[in-house]
Amino acid sequence: MRVRLKGDVFCTLFLVIVLCTLLYTSLRPTQKISPPKPKKSVISLQTKKPKTFLESEDSVNEVKVLSDAYNAQEAIEEVKPSTSMVTAPPFDFQQYLRNKDYRNFTLLINQPNKCNKPSNESFLLIAVKSIVEDFDRRESVRKTWGREGVINGARVRRVFLLGTPRNKTAISMWESLMQQESHYYKDILLWDFLDTFFNLTLKEIHFLSWAEKYCSNVKFIFKGDADVFVNVENLIHFLQTQDPSGDLFVGDIINNAKPIRSKKSKYFIPETMYGLGMYPAYAGGGGFLMSGVTMKKLSDSCNEVELFPIDDVFLGMCLQRINLTPVLHSGFKTFGIPKPSAAPNLQTFDPCFYRDLMVVHSLKAAEIWLMWNLLHSQQPPCSQRQRIKKPFHWKRKKAKLPVKAVTS
């Protein structure tokens, strides 16, 4: 009996040990697998929340200001770098050709009374191309050469031309800031197309349409960039000798410019888009003058000319459409002032020299402030005798090859 009991006890202990081992091995993997499950769910929730937040924020902005066509263009361009290793072209011509006939965008911020108050007399309207981010440049223009008021007996008015920013998330509350700036200065014109280099043509046609509708009584218009220095007194003196009832288009005119066919260039234009070998004469976009009569003719002709991605050339096509030849003026330096080899001692940043110019391109905001203060100080840096009687004529080298197109 003792032998049997001992055998039964051993068998029972053996079976208990086996069962415990089986239970242990069966429970062990469940303990390993089960804890990660809640972790994975927590991680997925954390990554989804910011994504939905950004998507909802973008969708609100798009509903407010952007058209569907340009939202699609922006989405396609953002996906391209991540899906392809090939270098993206400087311009999506296929997308451009699909949307080139869409040229009517909503005016989000308007100044309908710009040319009516305080009186109906408007001698010169200054229109400056700008972007939302460049508040400091707009402020520099407002406080220097772009001041509104009566200058040498002529009423001067000012507007800034803007589109919606491409990177909306980089500028928080940009719409509210633009509304506040417009309310304070009353000089902002904002359309709902994306403010990109190749959309400057849209800015051109929309401004002309706006000027024809709201500033039809203006005698002359100066249109330029925010990084130019303008001697407004010289502009007014020149315009007071012109007939406001006739055509006028004056600037730094480029003739015999050929389309650039190199794909590496910012201004690359394929032959399928422009098959001719030469551009019509056009003005450098840094700044040019035109009469109110010419403005109205250009506004009408631009509706009959296909949109072209380079705004300077496009305006030259519109001038060609109305059979108007732009006039070259030596006071317009829309490509800056290089130091000439014929006068190596000439200081290109000399206020005495700037006195006799009209428009100089590619200046920093601080340089514009400095030059303005020097020219309008109580003790001018140069006397009347020292002033240059005639502007220095920059001789362009005669090249055997045709001149390539260069724009501002």
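The values are calculated or read from the model by the stated rules, or taken from the named source; none is laboratory data. None of the values given here were measured: they were computed from a predicted structure. Reconstructed Cβ throughout: ideal geometry from the backbone, glycine too, with neighbour counts over all protein chains shown.
Taking the numbered list (1) surrounded by fewer than 21 Cβ atoms within 10 Å (Cβ to Cβ); (2) assigned to a strand (DSSP E or B); (3) among the hydrophobic types (A, V, I, L, M, F, W, C) in turn, residue 238 passes all entries but (2).
Listed here are the residues, each with its yes/no results for (1) of a type in the set (A, V, I, L, M, F, W, C); (2) within 24 Å of residue 371 (Cα to Cα).
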residue	(1), (2)
142	no, yes
148	no, yes
160	yes, yes
163	no, no
170	yes, no
196	no, no
205	yes, no
208	yes, no
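Of everything in segment 149-173 that is surrounded by fewer than 18 Cβ atoms within 10 Å (Cβ to Cβ) and modelled with pLDDT of 90 or more, the residue that is nearest to residue 110 (Cα to Cα) is 149. A count restricted to segment 99-145 and to residues that are more than 15 Å from residue 156 (Cα to Cα), buried (at least 18 other Cβ atoms within 10 Å of the Cβ) and among the basic types (Lys, Arg) stands at 3. The set of residues from segment 270-298 being assigned to a loop (DSSP other than H, G, I, E, B) and among the hydroxyl-bearing types (Ser, Thr, Tyr) comprises 272, 274, 279.
Selection of segment 248-289 for residues being aliphatic (A, V, I, L, M), within 23 Å of the chain's Cα centre (by Cα) and more than 15 Å from residue 320 (Cβ to Cβ) yields 260, 269, 273, 289. Looking at 247, 243, 227, just one residue is farther than 20 Å from residue 199 by Cα, part of a loop (DSSP other than H, G, I, E, B) and in contact (Cβ under 8 Å) with a residue 60 or more places away in the chain, and that residue is 247.
Out of everything in segment 182-210 that is among the charged types (D, E, K, R) and surrounded by fewer than 20 Cβ atoms within 10 Å (Cβ to Cβ), what residue ends up being farthest from residue 118 (Cα to Cα)? Reasoning before the result, please.
Residues of segment 182-210 that are among the charged types (D, E, K, R), as a first pass: 186-187, 192, 195, 203-204.
Filter once more, so that each one left must be surrounded by fewer than 20 Cβ atoms within 10 Å (Cβ to Cβ): 186, 192.
Values: 186: 13, 192: 29 Å.
Filtering first and then ranking leaves 192.
One residue stands out among those in segment 286-329 that are in contact (Cβ under 8 Å) with a residue 40 or more places away in the chain and of a type in the set (Ser, Thr, Tyr): the one that is surrounded by the fewest Cβ atoms within 10 Å (Cβ to Cβ), which is 325.
Out of 128, 132, 156, 141, I need the residue that is in contact with a helix residue (DSSP H, G or I) (Cβ under 9 Å, 6 or more places away or on another chain) and within 19 Å of residue 212 (Cβ to Cβ). Which one? Give the steps one after another, and end with the answer.
Working: 132 fails: within 19 Å of residue 212 (Cβ to Cβ); 156 fails: within 19 Å of residue 212 (Cβ to Cβ); 141 fails: within 19 Å of residue 212 (Cβ to Cβ).
Among 128, 132, 156, 141, only 128 is in contact with a helix residue (DSSP H, G or I) (Cβ under 9 Å, 6 or more places away or on another chain) and within 19 Å of residue 212 (Cβ to Cβ).
Against the test of being among the aromatic types (Phe, Trp, Tyr) and farther than 26 Å from residue 156 by Cα, the options 268, 220, 229, 238 yield a single qualifying residue, 268.
Considering only segment 178-201, state which residues are in contact (Cβ under 8 Å) with a residue 24 or more places away in the chain and over 11 Å from the mean Cα position of the chain (by Cα). Spell out the reasoning first.
First, pick out the residues of segment 178-201 that are in contact (Cβ under 8 Å) with a residue 24 or more places away in the chain: 178-179, 181-182, 185-201.
Selection gives 178, 179, 181, 182, 185, 186, 187, 188, 189, 190, 191, 192.
Within segment 268-285, restricting attention to residues that are touching a Gly at 6+ places or on another chain (Cβ under 6 Å) and crowded, with 22+ Cβ neighbours inside 10 Å, the residue that is nearest to residue 257 (Cα to Cα) is 282.
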